[in-house]
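As structure tokens, the structure follows; a few thoughts come after it.
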Amino acid sequence: MNFENIKSVLENNSWHQVNGERRYISKDDLYLSFWLGEETVIEDFNLPRNLHSFDSYLSQLAQINKIEEMSGAFEYNSVKLENFKLYKFSGHVHRHGSKKPISVYFTVHPGINDDKTEIDMFSKALINALNDKYALNLINQCTDD
């Protein structure tokens, strides 16, 4: 499979989480998968520069109490396609007089070193796979993407 086909699968795909694992397999192509490493708590000042704007916008919409970083990779037929760092922003929003807990998963391509939030095809696939509708709405408000 070539990268154009992989891009097409990533754009229109849903994922199956392997029971008891931090591995997800494409429902459209069983050879395409991604895995997540263990989460490590980090301080917001340790975020990559290209996530500072996202963190700032998200903090205006929600009370973020914890940021966790995890490594992972996309693979096709056990061949590594792309490494990534994924960030989980946990906290709450005030909604209808109560606190609603949230978890927002976000990442950007590691090759982007400036303060822009560009989202590549692998990052979009992760964001769509791991976030619920509410978190996706928050991400859209923060990125205009």
Among Leu51, Leu61, Leu47, which is touching a residue at least 12 places away in the same chain (Cβ under 8 Å), touching a Leu at 6+ places or on another chain (Cβ under 6 Å) and over 20 Å from Trp15 (Cβ atoms)?
Leu61
Restricted to segment 4-20 and to residues being free of Cβ contacts under 8 Å to residues at least 60 places away in the same chain and surrounded by 11 or more Cβ atoms within 10 Å (Cβ to Cβ), the residue farthest from the chain's Cα centre (by Cα) is Asn5
Taking the conditions exactly as written (out of contact with any Pro (no Cβ under 7 Å at 6 or more places or on another chain) and assigned to a strand (DSSP E or B)), does Glu21 satisfy them or not?
no
Return the only residue of His92, His16 being in contact with a Pro (Cβ under 8 Å, 6 or more places away or on another chain), at pLDDT 90 or above and not small (Gly, Ala, Ser).
His92
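For every residue, the table says whether it meets (1) within 14 Å of the chain's Cα centre (by Cα); (2) not basic (Lys, Arg).
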| position | (1), (2) |
| --- | --- |
| Gly37 | yes, yes |
| Asp44 | no, yes |
| Ile67 | yes, yes |
| Tyr76 | no, yes |
| Gly91 | no, yes |
| Ser123 | yes, yes |
| Lys133 | yes, no |
| Asn140 | yes, yes |
Say whether the condition of being within 26 Å of Arg23 (Cβ to Cβ) and in contact with a strand residue (DSSP E or B) (Cβ under 8 Å, 6 or more places away or on another chain) is met by at least one residue in segment 111-121.
no
Can you find a residue in segment 107-118 that is on the phi > 0 side of the Ramachandran plot, assigned to a loop (DSSP other than H, G, I, E, B) and of a type in the set (S, T, N, Q)?
no
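Listed here are the residues, each with its yes/no results for (1) surrounded by fewer than 17 Cβ atoms within 10 Å (Cβ to Cβ); (2) over 21 Å from Met121 (Cβ atoms).
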{"residue": "Lys27", "(1), (2)": "yes, no"}
{"residue": "Tyr31", "(1), (2)": "yes, no"}
{"residue": "Trp35", "(1), (2)": "yes, no"}
{"residue": "Glu38", "(1), (2)": "yes, yes"}
{"residue": "Glu43", "(1), (2)": "yes, yes"}
{"residue": "Arg49", "(1), (2)": "yes, yes"}
{"residue": "Phe54", "(1), (2)": "no, no"}
Evaluation of Ser103 against (1) modelled with pLDDT of 95 or more; (2) in a helix (DSSP H, G or I) (one fails), failing number
(2)
Looking at (1) touching a strand residue (DSSP E or B) at 6+ places or on another chain (Cβ under 9 Å); (2) closer than 30 Å to Arg95 by Cβ; (3) without any contact (Cβ under 8 Å) to a residue 12 or more places away in the chain, which is the only condition Ser56 fails?
(1)
Inspect segment 58-67 for any residue being touching a Pro at 6+ places or on another chain (Cβ under 9 Å) and assigned to a strand (DSSP E or B) and give the result as yes or no.
no
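The values are calculated or read from the model by the stated rules, or taken from the named source; none is laboratory data. Source: prediction; values computed, not measured. Here Cβ is always computed from backbone atoms with ideal geometry, including for glycine, and neighbour counts include all displayed protein chains.
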